[in-house]
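The structure under discussion appears below in the form of structure tokens.
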Amino acid sequence: MTRFRLLLVLVQLFLSAGLAPWFAEAAVSHCADSRVSVIHAGPPVAEAVCAAVGDALGFMAAHGFETDLAFLVEVVEEPGVPRTFGSYDRRGIRIEVLSPAACRRRGGGRLFGLELDPALYRSIIVHEVAHLVARFNGEDALHDVAGQEYIAFTVQLGTLPPPLLERVLSRFDQPPFAREAEITALLHALGPEVFAVKAWRHFRQPGHGAAFYRHLLTRSPGLRPVP
């Protein structure tokens, strides 16, 4: 059993036994039909998180990922990782996301050039869930930033309501990635939203989709590994 999967087992036991004492004063909700718990500031936020978790897990299960995982989502006002809306702990199975108000403050109230509405806020959570699930599924192969972000962004866009997805895509005229060598961490760093749209358009091409996910999770040739 790998270290990451061992941590999964430990957290599953942790959740089944009840949350640790240091969470005793926090509001904790459990998402229905999953083994996901949310540490939050109020029921509306917990409902948004659980809806996002359900969207992410459903999309990824339909595309061949193992999604029967137990993990924590903590909603915070200040991120542990600077200049981000959210992050996941690669050493364990905890996701941290900013509250809706904190996201509006940090991102100028916009995402993909659009006003940050509830659906776009949920997509931020979906992105981090996708990272965690991909990490579990491809621990031994998926060590590159570009491959991780390709998966996270395509799941994020793929779970948007179709009218909203069309609005997002209409704001970008960049074509899909023409070849795998174009999927780089540098492009992601220079323009995450452009990277996201190019990834989605690539993902939707015939022969890609779930097959390209499998490719990334098994070998990721040509993609730059994380040191």
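Check each of the GluC sites (Glu not before Pro) in the stretch 101-188 and keep only those in coil by DSSP with at most 16 other C-beta atoms within 10 angstrom; list them in order. Passing both the DSSP loop test and the Cβ count: Glu139. A Förster distance of 35 Å, applied to the separation of the beta-carbon atoms of Ala32 and Thr84, puts the FRET efficiency at 0.80. Note on the stretch 27-217: with neighbouring protein chains present and a 1.4 Å probe, carbon and sulfur make up 54 percent of its accessible heavy-atom surface.
For trypsin sites (Lys or Arg not before Pro), the sites in the stretch 86-167 that DSSP calls loop and that have at most 10 other Cβ atoms within 10 Å are Arg91.
Only bridges with both residues in the stretch 27-217 count here: give the DSSP antiparallel percent, nearest 5. Expressed as a percentage, antiparallel bridges in the stretch 27-217 total about 45.
The values are calculated or read from the model by the stated rules, or taken from the named source; none is laboratory data. Predicted model only: the values in this text are computed from it and were never measured. Cβ sites come from the backbone with ideal geometry, for glycine too, and all protein chains shown count toward neighbours. Note: accessible area is taken over every heavy atom of the protein model, side chains too, but ligands, DNA and RNA are not part of it. Shrake-Rupley method; radii C 1.70, N 1.55, O 1.52, S 1.80 Å.
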